[in-house]
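Readers should treat all values here as calculations from the given coordinates under stated rules, not as data from a laboratory. What you see is a predicted model, and the numbers here were worked out from it, not measured in a lab. Here the Cβ is made from the backbone with ideal geometry for all residues, glycine too, and neighbour counts use every protein chain on show.
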Amino acid sequence: MKYILHPPRFIQAILIFAVMVGVLACESEAQDLRFTQYNAIPTSVNPAFAGSMDKARLVSVYRNQWASMPGSYVGWHVAHDWYNRDLNSGFGILFSQEEAGAGGLNTTRFSAQYAYEIPLGNGWRLRPALQAGMGNRSIDMQRLTFGDQLIRGDNVSTLEDRPSVAQNYFDFGTGMLLLGEYTWLGVSFDHLNTPDESLNPMFIDPMDVLTSVHGGFRMPLVDHLRNVNYGDMVIAFNYMKQDQFDQLDLGVYYDTKPLSIGLWYKGLPFGHTIEGGADVDAVSLLLGYGANDWKVGYSYDMTLNKLGLATTGGSHEIVLSYTWQTERRNKPQMPRYVPCATF
């Protein structure tokens, strides 16, 4: 059985994609926490991944960035997504909590995601998506040290009036994903409405639009003469831009099911330094294991920028994932391939 693409749907999808690409010209301003194992929690990068699998998925990721530095950047995300064949749609929810610095600067987000799946035939699928939610940014002033404490001793209470402050905001994003049996390519835009996250009511601090272009290819390693499968080689990339910051992540996996080993390069290969050379931020090592519907992954980022590994202590990341079947299959159905890496 082959799926037939109706022309109006195809035209609608192309128009949506054109509008999204046009957003690339938007200016914006802050930087979000970036995960090494974003493939394990893909809806945190692109809402179009919501319901991309036949099974429901629950994923949690924890990251401790620059663990040896005081007030390190710590964050964790929890994502749940599922697919409804009757509606030809994917749904997802995403919760995130991030804390930076000794002052307890916190960012909390909750988002709902929707993706509509357009079958293109021969196993290809096009998935435009929307994301909307609420965010909160706050700081615990009680955890800060003020100048009078430094003079009189930081164990004494400050004379400053330091009430904690918070800012709530609405957040909106969108994405598009093209999936095939061995290939995927996506683009997403987060903080499209550039919400104000300022903690000072006298100033406006709009968030920067975060643009991500990502994709990859899965190549089965098969000896056809002996009819032996040696696993898969997966190549992936993710280019991110947020105001003045941009970074290219390049990764390669050896996926043997249940074991996966990965290596990631983070930076820009050329032309991003004064000398015109490579700007290398980190190299990441990744190890994943998946048994049945459970998966666990660990990655370690070795800092290679000017701060150095001895100063930062690198970054640690742990992923836990669980999938389960939600719909009964009373008759054979077209398989929905998901070639992406799962760690």
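Quick notes
- In the range 187-260, the trypsin sites (Lys or Arg not before Pro) that fall in loop regions by DSSP, at most 15 other Cβ within 10 Å: 226
- Counted residue by residue at 0.36 nm each, then reduced by the alpha carbon distance between them, the extension gain from residue 222 to residue 302 reaches 25.5 nm.
- Electrostatic bookkeeping for residue 41 treats Lys and Arg as +1 and Asp and Glu as -1; over the other residues with beta carbon under 13 Å from its beta carbon, the sum is +2.
- This ranking places 298, 337 by how few other beta-carbon atoms lie within 10 Å of each, fewest first, which gives 298, 337.
- Local electrostatic count, residue 284, Cβ distance below 13 Å [Lys/Arg +1, Asp/Glu -1]: -1
- Of 241/306; 266/295; 55/295, pairs whose Cα-Cα distance is over 19 Å: 241/306; 266/295
- Which of 49, 343, 245, 170 has the fewest Cβ neighbours within 10 Å, and the rest in rising order: 170, 245, 343, 49
- Cβ-based net charge around residue 259, under 13 Å, with every Lys or Arg adding one and every Asp or Glu removing one: 0
- Theoretical gain in end-to-end length, residue 108 to residue 181 [0.36 nm per residue, Cα-Cα removed]: 22.7 nm
- Taking the fewest neighbouring Cβ atoms within 10 Å as the starting point, the ordered list for 124, 264 is 124, 264.
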